[in-house]
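Report on the following structure.
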Amino acid sequence: MKVFVCIKQVPGVAEVKIDVTTGKLIREGVPSIINPVDKHAIELALQIKEEQGAEVIALSMGPPQAEEALREALAMGVDKAYLLTDKEFAGADTLATSYTLALAIRKILQESEKNEKYLVICGLQAIDGDTAQVGPELAEELNIPQITYVQKIEFKGDKIIAESALRQDEVMVMETRLPALITVLKEINIPRFPTLIGIVDAYEKKEVVYLDTRQLNADKRKIGLTGSQTQVWKIFVPQQKGEHIKLSGSVKEMVKQLCQYLKEDKIL
């Protein structure tokens, strides 16, 4: 069985700054990290490897420097890593990204044993986009079942049984056959740290394979800006309005004050 884990390199949130003139993120000099919830996806994939004897393959789409994120995944214990990088991939929205990732997964599967079962794991969402769309769209591209918001998973033969916390205070238990795709929450596990031996192996014994438009035989109408149905026009920091209001008195008095302020602001 193969377990594909999709990861993204993102700017460290604490260091993110926005150019007020252009409305774009300032990436120069900003440290890049693996999208935090993607580390939980990697950890789950490694746990499945240990329990099921699966091969874990990490995929990422981005510029050449995204190789650093894949090297970290290899150091954690991932078996193989692929970087989808090409200038023509630039500017991709979630739809174009999921299409490109699907091409890579199909290519790898074609080079594997026929009818080999597989599972795709994605973090719920990336901190730089917060759309939570790539996982579901990737499942649609691959034409496989999907279970999102997963906080627990177990295997039963060629089936998976997953707990999905799709709504607050409500957990749904779903079952599906492989192949399938899941998106995970950070509550699912605690990611491990790379070991010293793992780091050495990641740079000396393991390889990050680069795949471009030609190697993926991508339809150029479906990748990058050309294949993107959505575009970000502007990113900005919301301006804070009004002043903080401090309530005092008993609970009943404070509730009465709060309701009055809400009515004045036409919220109630």
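The numbers here are math on the coordinates, done by the rules we state, and not lab data. For clarity, every value in this text was computed on a predicted model and none was experimentally measured. When we count neighbours, we look across all protein chains shown, and the Cβ atoms used for this are built from the backbone with ideal geometry, even at glycine.
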Anchor Lys252: aspartates and glutamates whose Cα lies under 16 Å away (excluding residues fewer than 8 positions away in-chain): none
Exceeding the 20 Å Cα-Cα cut-off - candidates Lys49/Lys206; Lys234/Lys266; Lys107/Lys220: Lys234/Lys266
Computed helical MRE - 222 nm, the chain, DSSP H runs ≥ 4 contributing -39500 (n - 2.57), nearest 500: -9000 deg cm²/dmol
Angle in degrees between helix 94-110 and the longest Cα principal axis of the chain, rounded to the nearest 10: 20
Between helix 36-52 and the chain: long-axis angle, C-alpha atoms, 0 to 90°, nearest 10: 40
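Return the loop-located trypsin sites (Lys or Arg not before Pro) in the stretch 148-232 (DSSP other than H, G, I, E, B) with at most 11 other Cβ atoms within 10 Å of their own Cβ; answer none if there are none.
Passing sites in the stretch 148-232 are Lys205.
Hey, what D do you get for the stretch 2-222 in µm²/s if you plug the Kirkwood alpha-carbon radius into Stokes-Einstein at 4 °C and 1.567 mPa s?
Value of D from the Cα-based Kirkwood radius: 73 µm²/s.
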Sites matching GluC sites (Glu not before Pro) across the stretch 125-209 that sit in DSSP coil, with at most 13 neighbouring C-beta atoms within 10 Å: Glu207
Sorted by Cβ density within 10 Å, fewest first, the residues Cys122, Cys259: Cys259, Cys122
Net charge contributed by nearby residues that have their C-beta within less than 13 Å of Val3 (K/R +1, D/E -1): -2
Out-of-range pairs (alpha-carbon distance over 25 Å; input Lys186/Lys222; Lys87/Lys117; Lys87/Lys222): Lys186/Lys222; Lys87/Lys117
DSSP bridge pairs, the chain: antiparallel proportion in percent, nearest 5: 40
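Determine, for each peptide in 100-113, 54-67, the mean count of other beta carbons within 10 angstrom over its residues, then list the peptides with the highest first.
Packing order, densest peptide first, comes out as 54-67, 100-113.
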